[in-house]
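Working notes, beginning with the structure itself.
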Amino acid sequence: MGKQAALDYLSQVAPKLLTSKHVDAARTASTVTVRVRAHVSTILGFGSFTVDESAAGPVERFVAPGQGPG
């Protein structure tokens with residue numbers, strides 16, 4: 001769901017501007033990291049370029065009452 005959802009989102013928001021889209025996702029027990037790379041088509045004759053961005057954050061998990069810290 002994660003990788004495909006990211007690719008679907010990119011296709012919706014910039015269907016012709018972004019090409020060669022690639023999404024990587026990695027998850028550990030506590031962190032998830034997503035990296036997105038895409039080729040940006042020519043904009044007003046200024047040439048084209050590649051964007052490469054990543055984001056990381058904590059994985060949410062359910063902790064039963066009385067089982068968590070504190």
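The values are calculated or read from the model by the stated rules, or taken from the named source; none is laboratory data. All figures in this text were calculated on a predicted structure; none of them were measured in a lab. Every residue, glycine among them, receives a Cβ derived from its backbone with ideal geometry; neighbour counts consider all protein chains shown. Only protein heavy atoms, including side chains, enter the accessible area calculation; ligands, DNA and RNA are left aside. Shrake-Rupley method; radii C 1.70, N 1.55, O 1.52, S 1.80 Å.
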Which trypsin sites (Lys or Arg not before Pro) does segment 17-70 hold that lie in a coil by DSSP with at most 15 other beta carbons within 10 Å?
61
0 to 90° range, to nearest 10: angle between helix 2-13 axis and the chain longest Cα axis:
40
Estimated 222 nm signal from helices in the chain, with DSSP H stretches of n ≥ 4 weighted -39500 (n - 2.57), rounded to 500
-5500 deg cm²/dmol
Please work out the average accessible area per residue across segment 1-43, using the 1.4 Å probe convention, and give it in Å².
71
Stretchable slack from residue 5 to residue 49, in nm (0.36 nm times residue separation minus alpha-carbon distance):
13.5 nm
FRET efficiency for residue 42 and residue 22, Cβ-Cβ distance as r, R0 = 25 Å, nearest 0.05?
0.80
Let me know the charge dipole size of the chain about its Cα centre in debye, to the nearest 20, where only the beta-carbon of Lys, Arg (+1) and Asp, Glu (-1) is charged.
100
Mean separation of Cα pairs under 8 Å and 6+ residues apart, divided by the residue count of segment 1-42: what relative contact order is that in percent?
37
Pull out the extension gain between residue 59 and residue 33, defined as 0.36 nm times the separation in residues minus the alpha carbon to alpha carbon distance; nm, one decimal.
8.4 nm
Please work out which option in [x] 4.1; [y] 4.5; [z] 6.6 gives mean projected area of the Cα convex hull in nm² calculated from these coordinates, and answer with its label.
[z]
